[in-house]
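Presented below is the structure to which this report refers.
Only the coordinates and a few stated rules stand behind these numbers; no lab work does. No experiment lies behind these values; they were computed from the predicted model shown. Cβ coordinates were reconstructed from backbone atoms using ideal geometry, including for glycine residues, and neighbour counts include every protein chain displayed.
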Amino acid sequence: MAYGNYQGYYQYRLEDCEDSRFHILKKEYFINKKCLDIGCNAGAVTIRIFEDHKPRYMVGIDRDKILVKKAQQNLKKIRAISDEEEDKRRTVDNTSSSDTDAEGAASSENIAVPGVPFAAQTTTINRTLLFRQENIITERRHQLILCCHPGIMDFECMALDSYRKYYIVYTIQVMHKDHSYDTITCLSVVKWIHLTYGDDGLLSLFRKAHRLLKPGGLFILEFQSWKSYKKKKSLCRETEKMYASIEMRPDSFEQVLSSEIGFTFVENLGKTVHSKKGFRRHILLCTK
């Protein structure tokens, strides 16, 4: 199971202007900020946030490589549409000089981010959006290497070979630096994380979100009702077992995030409603 991700789940949202979440997700939460979207699915909401709310940098992650590929395709599609519209604008705009047009074209070129496939990213006038496959719960890539000074790298030390004076480092390239994000979103995936990893996994997610945020940073969490958990508990035997073990119910998330995780302020922004699918979910705004 991949957090209940379905390829068509967000597809209609690419052209859906009535997504009620965008009445709640204010531009001020994102504009000129460094953002992380956990569980980006096919990228529709991530792309819209990037286009409408103008973050400086945004990365969307999902553990399902098929969905990440779809997000990359959607990003490429949006990029192509944007380029086409820009070409039309330039054709109509007879007041612009050829020199100005050339300068504008250069300034909006896509700039490659090292280590990320070109199709997975777009950079527009100093703003970057990219998608990558990653499991936020495990968060780390597993590998065995030797290094002299692990302190200067994003690794943790497991053992020291005093004879060779090399550190033997196993499992652990950290994917995100602590205190590095202004805003983290986690929309519509909490139920699937909870049903896959249980209470411990969800608490791990909450703690990581808190750790990755800068002081004053925002964690925006959309969660499903306990009733919706019940509807999906029979997907497989593992899900049934995990459902039976869950003690931390959605109506306790607000208290857990403030008293146990350490967010200084947790505000319930209200319910989102989607007329086409009947979605009714709460969104919490948590301030570090």
Open item on the list: Suppose each label sits 7 Å from its Cα in the direction of the beta carbon; what would the R207-C236 distance come out to in nanometres?
Closed with: 2.6 nm
Open item on the list: Could you work out how much longer the chain between K65 and N126 gets when fully extended? Use 0.36 nm per residue separation minus the Cα distance between them, nm to one decimal.
Closed with: 19.3 nm
Open item on the list: Please list, by residue number, everything in segment 179-200 whose backbone N is under 18 Å from a paramagnetic label point 7 Å out along Cα→Cβ of S225.
Closed with: 188-192
Open item on the list: For E260, E254, which order do you get if you count the other beta carbons within 10 Å of each Cβ and list the fewest first?
Closed with: E260, E254
- [ ] Report ³J(HN,Hα) in whole Hz for each residue of segment 283-288, in order, from the Karplus equation J = 6.51 cos²θ - 1.76 cosθ + 1.60 where θ = phi - 60°; Gly and Pro get x.
- [x] 10, 9, 10, 10, 9, 6
